[in-house]
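Asker: Okay, handing you the structure first.
Every number in this text was worked out from the coordinates using simple rules, so none of it is lab data. Here the structure is a predicted model, which means the values were calculated and not measured. Because the Cβ atoms are built from the backbone with ideal geometry, glycine has one as well, and the counts that use them run over all protein chains shown.
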């Protein structure tokens, strides 16, 4: 990506082992993320160009001398953040705050919308998959690198519980995976808040019980009407705009919780006094998806979860610019890339 709307397919130097804790993987499956659309809309041409992509499945082609848990030929899933797995924060299940970690798809660490990618801290980052690279479960397994784990993080931090009421703000891939996560955790009522019929239809198929297509005050009134005037006990905020967080705050019932996983594009969380007097908890952040993979993987492998349904277009590497356009124009929910 060279700037807003400027995505190019280029030949760059081959990914290679730089440090003894690195692994090199041949990318078999990658994708375009909703968060990639922020730089697609806002990146300045003066910013350094970057190899994009932070979600991948691939085959290990080489490892550094200090890598202990991986060998050539292993099929692995790559979380969107790399982490050493040994620091205090990794031990607490917060790998996105790893003392020796970081994120893929920036000028310092190249991303995975590519034929190959270097993975720092390979032992702590990569998770081996017990299937072949052509397995039919690949789309769902790929979601464990980000969107399914992020939807789950929203649900966990929003304290979704058995029999609870949930609202999911946003009908993108993360919001849809939030519906999957909320159902998995036993929520009785799941309200999807979105305006795109294809997405809300899929949300119902994934477990949503109600759809609210309005915005602003009308949306707040609709959610309150669906919950006996109380609001919901858990809100999954999966967008990151000022309007979406304001809506999340307004529909949370007293004692409720908001799990925000949309990258915030606002300066402050609104309504300090209502959240204070309502004892509303606001939590969330970059999802430590590495901490959730082992928990969610069996449900995917055994068919209890099918989050791969969020992918509605499959393209090759040469068509990635078109994939960005399609997602930006809301023609696709999420685009899968097969380099």
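Asker: Quick one: 108, 214, 10, fewest Cβ neighbours within 10 Å first, how do they rank?
Answerer: 10, 108, 214
Asker: Related question: For residue 162 and residue 218, FRET efficiency with R0 = 30 Å and r from the beta-carbon atoms, rounded to 0.05?
Answerer: 0.50
Asker: Residue separation times 0.36 nm, minus the C-alpha to C-alpha distance between residue 134 and residue 306: what's the value?
Answerer: 60.3 nm
Asker: Set the Förster radius R0 to 41 Å, insert the Cβ-Cβ distance between residue 42 and residue 68 as r into 1/(1 + (r/R0)^6), and round the FRET efficiency to 0.05.
Answerer: Computed FRET efficiency for residue 42 and residue 68 comes out at 0.50.
Asker: Expressed in nm to one decimal, what extension gain is obtained for the pair residue 108 and residue 86 from 0.36 nm per residue of sequence separation less their Cα-Cα distance? Walk me through the numbers before you get to the answer.
Answerer: Values: separation 22, 0.36 × 22 = 7.92 nm, distance 2.23 nm.
In short, 5.7 nm is gained.
Asker: In the chain, what % of DSSP beta bridges are antiparallel (nearest 5)?
Answerer: Approximately 50 percent, going by the DSSP bridge assignments.
Asker: Then there's this: Counting other beta carbons within 10 Å of each Cβ, put 35, 145, 83 in order, fewest first.
Answerer: 35, 83, 145
Asker: Turning to a different aspect of this structure: Take every Cα-Cα pair in the chain and report what % of them are more than 39 Å apart.
Answerer: 12
Asker: Over the Cα atoms of region 151-284, compute the convex hull volume and normalise it per residue, giving Å³.
Answerer: Given the Cα convex hull of region 151-284, per-residue volume reads 83 Å³.
Asker: Could you tell me how many degrees, from 0 to 90 and to the nearest 10, lie between the Cα long axis of helix 289-301 and the main elongation axis, the longest principal axis, of the Cα atoms of the chain?
Answerer: For 289-301 against the chain, the angle is about 90 degrees.
Asker: Along each of its three principal axes, how wide is the spread of alpha-carbon positions in region 268-339, in whole angstrom units, largest first?
Answerer: Cα extents, longest axis first: 52, 34, 18 Å.
Asker: Go ahead and set up a Gaussian network model of the chain, Cα springs under 10 Å, then flag whichever of 191, 71, 212 fluctuates most.
Answerer: Its mean-square fluctuation being the largest, the pick is 71.
Asker: So, in Å, what gap is there between the alpha-carbon centers of region 268-302 and region 34-68?
Answerer: Between the Cα centres of region 268-302 and region 34-68 lies a distance of 24 Å.
Asker: Here's a follow-up. Under 10 Å, Cα contacts only: if you run a Gaussian network model on the chain, which one of 67, 27, 261 comes out with the highest mean-square fluctuation?
Answerer: 67
Asker: Per the helix-only calculation at 222 nm, which mean residue ellipticity applies to the chain, given -39500 (n - 2.57) for every DSSP H run of n ≥ 4 and division by its residues, nearest 500 deg cm²/dmol?
Answerer: -8500 deg cm²/dmol
Asker: Further, regarding this structure: Quote the relative contact order of region 151-284 in percent (integer), defining contacts as alpha-carbon pairs under 8 Å separated by 6+ residues.
Answerer: Over region 151-284, the number comes to 27 percent.
Asker: Want the number for residue 61 to residue 272: 0.36 nm per residue separation, take away the alpha-carbon distance, what's left? Mind dumping the intermediate values first?
Answerer: Working: separation 211, 0.36 × 211 = 75.96 nm, distance 5.10 nm.
Length gained between residue 61 and residue 272: 70.9 nm.
Asker: R0 = 45 Å: FRET efficiency of residue 19 with residue 318, Cβ-based, nearest 0.05? Can you show the working numbers first?
Answerer: Details: r = 31 Å, r/R0 = 0.69.
Using R0 = 45 Å, I get an efficiency of 0.90.
Asker: Of 22, 267, 146, how do they rank once you tally other Cβ atoms within 10 Å and put the fewest first?
Answerer: Fewest-to-most Cβ neighbours within 10 Å comes out as 267, 22, 146.
Asker: Follow-up. Kindly list the residues of region 131-169 that lie in the label zone of residue 230, defined by a backbone N under 18 Å from the point 7 Å along the Cα-to-C-beta vector.
Answerer: 158-168
Asker: What residue among 209, 96, 165 shows peak mean-square fluctuation when the chain is described by a Gaussian network model with Cα springs under 10 Å?
Answerer: Evaluated over the chain, the most mobile residue of the options is 209.
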